[in-house]
Amino acid sequence: MKCIVTAGPTYEPLDDVRRLTNFSTGRLGTELAEFLVSQGHEVTLLLGEQSTWTQPVKARVVRFTTTANLKDQLKANANGVAAVFHVAAVSDFAFGKIWQRTPGGELTPVKAGKISSRLENIMAELVPTQKIIAELRDWFPQAFLVGWKFEVDGNRESAIEEGRKQITECRTNACVVNGPAYGDGFGLLSSDLRHCATRKELFEQLAVILPKRG
């Protein structure tokens with residue numbers, strides 16, 4: 001089966017030298033890609049440029065940068081794909097306008113290739129990025145889609161509910177729930193809920209629910 005795995009963080013530029021990103025290392029998605037290759041699948045790993053996890057991979061690797069760039073890479077590699085595992089940690093916010101607050105309280109727009117650190121009272125607007133998971137079904141209408149839901153606040157029950165919402169709202173086939181709210185391990189949601197204590201167990205269970213196609 002031809003598969004895409006996304007892994008690692010996107011980033012959003014503040015200026016030409018500074019970026020907003022997250023703590024994702026790319027490890028989980030990279031290891032999943034290698035597991036799928038070991039199962040005989042043809043895998044393209046879309047890997048964030050800022051990923052810190054490094055290991056030799058047999059999957060075809062394509063790097064991405066920003067959220068918009070990841071979207072472009074997904075669409076460019078969509079032909080014939082039967083399954084998408086969207087593990088990447090996509091930035092929830094990008095920078096909007098940048099201002100400097102004057103002593104009189106007025107906001108003056110700031111634009112520069114490198115915003116000077118000598119400026120005081122700098123304010124940056126954060127604007128929501130595009131939700132890639134919400135568009136995957138349009139780009140991969142026949143594919144088996146698996147999303148991820150990393151939840152920090154709440155508890156296991158609330159994290160699982162957020163995973164169910166993702167499946168319904170984004171028209172995906174399954175969702176992997178993890179993070180501090182879920183606790184140790186992973187919750188794999190599809191037609192039922194399967195708790196996986198380790199990454200290896202998660203990968204094996206994903207293989208179980210993956211449709212068998214020629």
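Within the stretch 109-127, being closer than 11 Å to Asp16 by Cβ and either open to solvent by less than 70 Å² (accessible area, probe 1.4 Å) or of a type in the set (A, V, I, L, M) (or both) holds for Ala112, Gly113, Ile115.
The residue that is nearest to the chain's Cα centre (by Cα), counting only those in the stretch 193-212 that are loosely packed, with under 15 Cβ neighbours inside 10 Å and closer than 21 Å to Glu157 by Cα, is Thr198.
If the condition is being open to solvent by less than 50 Å² (accessible area, probe 1.4 Å) and either more than 15 Å from the chain's Cα centre (by Cα) or under 14 Å from Phe186 (Cα atoms) (or both), then the stretch 128-160 contributes Arg137, Trp139, Phe140, Ala143, Phe144, Val146, Gly147, Trp148, Glu151, Ser158, Ala159, Ile160.
Counting the residues of the stretch 66-82 that are among the polar types (S, T, N, Q) and either under 16 Å from Val146 (Cα atoms) or open to solvent by less than 20 Å² (accessible area, probe 1.4 Å) (or both) gives 1.
Quick check on the stretch 72-109: of everything there that is acidic (Asp, Glu) and assigned to a loop (DSSP other than H, G, I, E, B), which residue is farthest from Glu31 (Cα to Cα)? Going through the qualifying residues, I end up with Glu106. All told, Thr10 falls short of being more than 25 Å from Phe186 (Cα to Cα), modelled with pLDDT of 95 or more and touching a Phe, Trp or Tyr at 6+ places or on another chain (Cβ under 8 Å). Checking each residue in the stretch 161-186 for being more than 17 Å from the chain's Cα centre (by Cα) and buried (at least 21 other Cβ atoms within 10 Å of the Cβ) picks out only Tyr182. Scanning the stretch 46-54 for residues that are open to solvent by 60 Å² or more (accessible area, probe 1.4 Å), in a strand (DSSP E or B) and not aliphatic (A, V, I, L, M) turns up nothing.
Among the strands (runs of 3 or more DSSP E) confined to the stretch 120-184, the ones with at least 2 residues that are on the phi < 0 side of the Ramachandran plot and without any contact (Cβ under 8 Å) to a residue 60 or more places away in the chain are located at 122-128, 174-178.
The values are calculated or read from the model by the stated rules, or taken from the named source; none is laboratory data. None of these values were measured; they are calculated from a predicted model. Neighbour counts run over all protein chains shown; Cβ positions are idealised from the backbone, glycine included. Heavy atoms of the whole protein, side chains included, go into the accessibility calculation; ligands, DNA and RNA do not. Shrake-Rupley method; radii C 1.70, N 1.55, O 1.52, S 1.80 Å.
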